[in-house]
Amino acid sequence: MRTNLMRGTAALTLAVTAMAMTACSSSSSSSSAPKGGAASSGSHGKVTLSFVNWDGGMQSAVDQWNKANPDIQVQLTKPSGTGYTLYNKLITNNAAGTNPDVTEVEYQALPALIANKVIVPIDQYVGDISADFDKSSLAQVQFEGKTYGVPQNVCPMVFFYRKDIFDSLGLKAPTTWDEYAADAATIHAKNPKQYIGNFSAVDSGWFAGLAQQAGANWWTTTGTTWNVAIDDAPTQKVANYWSGLIDKGLVSPEPNWSPQWNTDMNNGTIIGWVSAQWAPNQFPSIAKDTAGKWVAAALPAWTAGDSTVGIWGGETEAVTSNSKHPAEAAKFVKWLNASSDGVKTLIQQVDVFPASLANQSQDSLKTPPPFMSDQADYNTLIASAAKNARTFQVWGPNANVTFDAYSNDFAAALQNKTPLTAALTQMQQATVADLKKRGFSVTG
């Protein structure tokens, strides 16, 4: 699954104009027509589309499409870099007209590509897709009433734990964050070298998902003005909660993906992981000796009975403004992410949980991921979580700056043993300052 998002982001250069992102992309005459000419989209004869995507298994979906569509062939290439490395390149190559027809884009990066006019709306080609997707998924790809992609997957956050160790301690999966804290204390008291989980200062998407669950909205818009509220009350609540666990030494400070974290996950030092739908596909490289020992449960709630969760990850495919065949490109994107055949292949080969509501009951989802082979209802749990997932109303056009500030400021807070809420303030200031520097109208 999308490890670039999970492991943090690199710097993204945003060549934006001195107006809000929504204003940048509001003109249909300039943003929806391909640079190669709209007329070329309806041309007859064989069309070959270039598609950039880093996901393993995607070639199977492309092969399936090509077999069924001899007149619209897709050529898949893997980018030299993933995540923001790719997005930077797309922005740079946009003016030269050398971008592929279709590109993979994580949800949080879509606004930046819209702001830079790298991608175009596809409403006229895919029609109204609202009936097959919930509002939360659609919110990831729609801006100012225009659709820039067909949602591919939904990645609700869930809690993974070592059932064998929890059972030996007489514990069940915590259903609230208060129970999580109590269990953290019990686990560490019985074995001072053991932890219920960790706090990861390198995973901005992880923390953003926890803030979403608490009700945060880091970015909103009013007209052409961006409202930034990264240090809002819900996010401060989340930061204070984890500060309390850190100060008491009840969670490990080892960041996700570090060699020591991998070792601790594999040897039973860390016996829980607040993660997301895609985690079973990461476990073999994290804790290879523990297959069959982990169980997934609903994410702990702030209030007992509240099933709201945030998301961590997710993506779509977008049609670039360089494409000379946007209609055909959009047709492929819709087939890939909304058709029964396309989504089935994504489930089986790319390990997605589909955003498409009609495809969330596919038979292919009745088989759990190999690492969770003993939990037959794994995808039933994910489906339930997906129905209650909430995200930010919109991702900011400089989310990469916010994410980088998280990694820098939260890591410093852990090292200096200072409150995480102070790091939130620094994130807020860095995000607002960057937007103003780039000419956006900003409040916050």
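Coordinate-derived values only; no laboratory data. Being a predicted model, the structure only gives us computed values, none of them experimental. Neighbour counts are summed over all protein chains in view; Cβ atoms, including those assigned to glycine, are modelled from backbone coordinates with ideal geometry.
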Where only C-alpha atoms are counted, convex hull volume of the chain per residue in Å³: 127 Å³
Measure off 7 Å from each Cα along the Cα-to-Cβ vector at residue 307 and residue 393, then give the distance between these two points in nanometres to one decimal. 2.6 nm
Note, residue 53: beta-carbon cut-off 10 Å, +1 each Lys/Arg, -1 each Asp/Glu, net -3
So for the range 286-444, considering every pair of alpha-carbon atoms, how many percent are separated by more than 28 Å? 47 percent
Cα→Cβ-extended label distance, 7 Å offset, between residue 78 and residue 178, nm: 4.9 nm
Which of the peptides 416-427, 271-282 is most tightly packed, and how do the rest follow, judged by the mean count of other Cβ atoms within 10 Å per residue? 271-282, 416-427
May I ask you to derive the relative contact order of the chain, considering only C-alpha pairs under 8 Å and at least 6 residues apart, and to give it as an integer percent? 29 percent
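Can you give the Rg to Rh ratio for the range 238-283, taking only C-alpha atoms and Rh from Kirkwood? Write out the running numbers ahead of the final one.
Details: Rg = 11.7 Å, Rh = 11.8 Å.
Dividing the radius of gyration by the Kirkwood radius yields 0.99.
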Fraction in percent of alpha-carbon pairs per bin - 10 Å, the range 233-341: 11, 27, 28, 19, 13, 2
Given the options 339, 204, 321, state which has the largest fluctuation in a GNM of the chain using a 10 Å cut-off (strictly under) for Cα springs. 339
Take the cross-link list 135/366; 146/331; 248/417; 163/248; 135/324 and give me the ones stretching past 19 Å between alpha-carbons. 135/366; 163/248; 135/324
Place +1 on the Cβ of every Lys and Arg and -1 on the Cβ of every Asp and Glu in the chain, take the dipole about the Cα centre, and give the residue among 296, 186, 73 whose Cα lies farthest towards its positive end. 73
Using a Förster distance of 30 Å, the FRET efficiency for residue 267-residue 189 (Cβ separation, nearest 0.05): 0.95
So what does log10 I(q)/I(0) come out to for the range 36-174 at q = 0.20 Å⁻¹, using the Debye formula with one equal point on every Cα and no solvent? -1.43
Cross-link candidates for residue 190: which aspartates and glutamates have Cα within less than 16 Å, leaving aside residues fewer than 8 places away along the same chain? 164, 167
